[in-house]
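Trainee: Have a look at this one before I ask anything.
The values are calculated or read from the model by the stated rules, or taken from the named source; none is laboratory data. Only a predicted model underlies this, so the values are computations on that prediction, with no experimental measurement involved. Backbone-built Cβ (ideal geometry, glycine too); neighbour counts: all protein chains shown. For the accessible areas, the whole protein counts, side chains as well, though only heavy atoms, and no ligand, DNA or RNA atoms are used. Shrake-Rupley method; radii C 1.70, N 1.55, O 1.52, S 1.80 Å.
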Amino acid sequence: MKKRGAPAAFRMDNGPEFIALALRGLCWRCGIEAGYIDPGKPWQNGFAESFHSRLRDEYPGTHLWVGEVFCGVKDAQVGLDGYRRYFNFERFHSSLGYKTPLEFACWSAALHATQEKALKASGKLGGLSAGSPVARAAQGQEN
């Protein structure tokens, strides 16, 4: 909070796996509005529910829903950091055409360079950056 400031509100689950009273106290002390997801309506926090579901399904060799996964905080940090690196750098993502994020970034950069080279060769770019609105308009793209 020192770096980015306090949020206006903090939305949380009020279930047994959360330390609701401690979080509510923290919110009160920091002047943050505590908002709760209605009981039985996990879709009110769809991003977190989707993440938790994927983590349960994909985290290697564990059964996260049982609660017997990590020996301590350090064990969780090390294990989840490895999973985070796998998920963000090595895992194939359907939203990226079943490429890893690194493969997609390389493919996207190569495509951008090829398009910019073609624009320069055709004389339509005229020294502008290919990503600029003027260059996109010259290429026939709207936004």
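Trainee: From (1) more than 30 Å from A6 (Cα to Cα); (2) at pLDDT below 80, pick out the condition that doesn't hold for V73.
Mentor: V73 satisfies all of (1) more than 30 Å from A6 (Cα to Cα); (2) at pLDDT below 80 except (1).
Trainee: Whether any residue in segment 44-65 is open to solvent by less than 80 Å² (accessible area, probe 1.4 Å), part of a loop (DSSP other than H, G, I, E, B) and at pLDDT below 65 is what I want to check.
Mentor: Let us first name the residues in segment 44-65 that are open to solvent by less than 80 Å² (accessible area, probe 1.4 Å), namely 44-46, 48-50, 52-53, 55, 58-59, 62, 64.
Filter once more, keeping what is part of a loop (DSSP other than H, G, I, E, B): 59, 62, 64.
Going one step further and asking which of them are at pLDDT below 65, we end up with 62, 64.
The answer is yes, given that some residue of segment 44-65 is open to solvent by less than 80 Å² (accessible area, probe 1.4 Å), part of a loop (DSSP other than H, G, I, E, B) and at pLDDT below 65.
Trainee: If you don't mind, there's one more thing I want to ask. Hey, any hits in segment 16-34 for a residue that's of a type in the set (V, I, T) and modelled with pLDDT under 75?
Mentor: From segment 16-34, those of a type in the set (V, I, T) are 19, 32; that's our starting set.
Among the residues that remain, those that are also modelled with pLDDT under 75 are: 19.
Checked segment 16-34: at least one residue is of a type in the set (V, I, T) and modelled with pLDDT under 75.
Trainee: Oh, and also: Taking the condition surrounded by 11 or more Cβ atoms within 10 Å (Cβ to Cβ), farther than 13 Å from E58 by Cβ and hydrophobic (A, V, I, L, M, F, W, C), does A121 pass? Explain how you work it out, then say what you get.
Mentor: Details: surrounded by 11 or more Cβ atoms within 10 Å (Cβ to Cβ): no; farther than 13 Å from E58 by Cβ: yes; hydrophobic (A, V, I, L, M, F, W, C): yes.
Here the answer is no, as A121 does not meet what is asked.
Trainee: What pairs come up if the first residue lies in segment 74-91 and is farther than 17 Å from H52 by Cβ, the second is open to solvent by 60 Å² or more (accessible area, probe 1.4 Å) and assigned to a helix (DSSP H, G or I), and their beta carbons are under 7 Å apart, counting only those six or more places apart or on different chains?
Mentor: If the second residue must be open to solvent by 60 Å² or more (accessible area, probe 1.4 Å) and assigned to a helix (DSSP H, G or I), the pairs left are F89/L102.
Trainee: Continuing with this model, one more query. Kindly provide the set of residues from segment 68-103 that are open to solvent by less than 70 Å² (accessible area, probe 1.4 Å) and part of a helix (DSSP H, G or I), ordered by number.
Mentor: Within segment 68-103, D75, A76, G79, L80, D81, G82, Y83, F87, N88, L96, P101 meet the criteria.
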